[in-house]
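Working notes, beginning with the structure itself.
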Amino acid sequence: MNLRFTIYDLRFSYSRIILTIGCLFLTFASFAQMDKADKLFADYKYAQAIELYKPIADKGNIRAVRKIAECYRKINDYDNAEKYYAIVVADKNALPKTFLYYGQMLMTNEKYDDAKIWLQKYLTLKPDGDTAIARTLLTSCEKSKAGITTERRLLFQNLKALNSTASDFCAFPYEDGILFTSARQGKINATSGSGFQEVFYARRTKDSTYDIEAVKGVVNSRNYNSGPACIDTARQIMYFTKNNFQYGDAVTNKKGDVTLKIFSAKKGNENWKDIKELELNDQESSCAFPSINKEGNMLYFTSDRGGGYGGKDIYYSILVNGVWSKPKNAGKSINTAGDERYPFVHADGTLYFSSTGLPGYGGMDIFKCVPNKLGEFGKPENLGKPFNSATDDFGFYLDGNYEKGFFSSDRNGGMGSDDIYSFEFTDIPFDLNLYADGKISDDIKIIVHKDSVTVKEGIFSKKLSLFLDTNSTYTFDCTKDGFTAERVEIKTGNYKKPIVKSVNLMTK
């Protein structure tokens, strides 16, 4: 009897030992897989990391769930990011930052009322912390619900002849076609799960389609990102973003990261050649998204170098005696606690850019800043819908005639993750500055006629602003008690350039 007991006990103990060893093996395997996934995450290989985190998350590991949510957020997969953040914030030990990220994802999916709840929870938990972004997002929720649209009349459409199922963005006209950046071909990028970015040229054909191919020469590199780009057309110089890739090898900073840098190349007969790294680059931080001014001597770009106002700021550098100067921050009027990216400087000096730190509709929104006579930028203006949406909107371009342009967006209804949209304005901006005896004046009555029909009437102060139809005749009858009446006449054509006039009433 005792012997049977002993044998049974030994068998039971042996089974427990085997079970314990099995559990330890599985635990070790999970730890090993988590460690491998974490290393991929730290190396920005989010698409690959997701696949390793998922089996661990399926077993209830909340840290793996949070990491998956982070990965999807970083590659702009908003639906999946929202799904996983919903699990994360339900955990009793959820980090306050996850409430902020969950609110952001809800916004990008146009769930503004739900987003406000989680943003408020974040603010409650972080009353003394860095809450600028959360407060801006709350303001954005209200703005988005209001559905404010641009005052301009315009036509816009998805440029389907150019877009692919991959990411296509940052387009601008060049010669008889369009230059843009795309991830449509090549080896899969472990960060995004799509192809590496390259600069492409789309040449228009007679049947209104495009012949599309990657630009030839030194701009693109196999298995590394290139683009976006801009071109100084007067000198045929392309400025472009590129992974820090020299002499066949990637160059890393002290953290082991391959940063982004800005390079230039000259137009040859059949390709781009003579690649050159610009002096404005920094070894430890990234410089990207260049935009050259009309004169070809000032370059705006984005950098995450230290000393800025947020994660990524807009800087500019000036070309002096053939050398690009030390970059200067574009200032706190433009840069915020969030990220500012994709600058575009118009021929008139107006700066367009995208921001996550200014009130908008969700994701990145496109803004513009008009410089004063001293070249200083004032308060940014949100371009409104349809330029901006609940997701990321960026890569704005407007031609020198103020008529046509492009922007990029990953909004719903597109063909790929990012798509290029074209637009055309159908009206003309008009400002009438109001003076009396040479001084800016209030309380001037103005009756506006279009082709002899009254279209507007009221009392105005300092300035009257409206949008005019093309190929029309407008008259502005201006009166004020004690002053002589004045009439201003405007005849418009097809040209969309803004019109600015002044009227000065004199004392009777």
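The values are calculated or read from the model by the stated rules, or taken from the named source; none is laboratory data. Worth saying up front: this structure is predicted, and the values here are computed from it rather than measured. No Cβ is skipped: glycine too gets one built from the backbone with ideal geometry, and neighbour counts run over all protein chains shown. Remember, those area values only see protein heavy atoms, side chains included, never the ligands or the DNA or RNA. Shrake-Rupley method; radii C 1.70, N 1.55, O 1.52, S 1.80 Å.
Numerical summary
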read-out	value
From the options Ile56, Ile62, residue that is in contact with a helix residue (DSSP H, G or I) (Cβ under 6 Å, 6 or more places away or on another chain), without any contact (Cβ under 8 Å) to a residue 60 or more places away in the chain and farther than 20 Å from Thr391 by Cα	Ile56
Residue within segment 90-99 that is open to solvent by less than 50 Å² (accessible area, probe 1.4 Å) and under 19 Å from the mean Cα position of the chain (by Cα) present	no
Residue count for segment 414-433, restricted to those that are assigned to a strand (DSSP E or B) and not charged (D, E, K, R)	10
Criterion (out of contact with any strand residue (DSSP E or B) (no Cβ under 7 Å at 6 or more places or on another chain), open to solvent by 70 Å² or more (accessible area, probe 1.4 Å), without any contact (Cβ under 8 Å) to a residue 24 or more places away in the chain and not in a strand (DSSP E or B)) met by exactly one of Asp442, Asp481	Asp481
Unmet criterion (only one of (1) in a helix (DSSP H, G or I); (2) modelled with pLDDT of 55 or more) for Arg4	(2)
Residue match in segment 401-411 (condition: farther than 25 Å from Thr241 by Cα, in contact with a helix residue (DSSP H, G or I) (Cβ under 9 Å, 6 or more places away or on another chain) and either modelled with pLDDT of 95 or more or surrounded by fewer than 23 Cβ atoms within 10 Å (Cβ to Cβ) (or both))	no
Qualifying residue in segment 110-122 (condition: open to solvent by 20 Å² or more (accessible area, probe 1.4 Å), outside any helix (DSSP H, G or I), farther than 18 Å from Val65 by Cα and at pLDDT 90 or above)	yes
Pairs where the first residue, in segment 35-50, is over 22 Å from Lys83 (Cβ atoms) and the second is open to solvent by 20 Å² or more (accessible area, probe 1.4 Å) and assigned to a helix (DSSP H, G or I), C-beta under 7 Å, 6+ apart	Lys36/Leu52
Residue within segment 328-341 that is open to solvent by less than 30 Å² (accessible area, probe 1.4 Å) and more than 28 Å from Asn109 (Cα to Cα) present	yes
Residue match in segment 495-506 (condition: surrounded by fewer than 11 Cβ atoms within 10 Å (Cβ to Cβ), assigned to a loop (DSSP other than H, G, I, E, B) and not basic (Lys, Arg))	no
Output for segment 209-237, where each listed residue is more than 21 Å from the chain's Cα centre (by Cα), within 22 Å of Cys287 (Cβ to Cβ) and small (Gly, Ala, Ser)	Gly217, Ser221
Members of segment 232-247 found to be in a loop (DSSP other than H, G, I, E, B) and either at pLDDT 70 or above or open to solvent by less than 50 Å² (accessible area, probe 1.4 Å) (or both), listed by number	Thr233, Ala234, Arg235, Gln236, Asn244
Residue list for segment 42-59, restricted to those being among the aromatic types (Phe, Trp, Tyr) and crowded, with 22+ Cβ neighbours inside 10 Å	Tyr46, Tyr53
Checklist (1) modelled with pLDDT under 95; (2) of a type in the set (A, V, I, L, M); (3) open to solvent by 40 Å² or more (accessible area, probe 1.4 Å) applied to Ile318, failing item	(1)
Residues satisfying the stated conditions in segment 60-70, i.e. open to solvent by 30 Å² or more (accessible area, probe 1.4 Å) and either small (Gly, Ala, Ser) or at pLDDT below 90 (or both)	Gly60
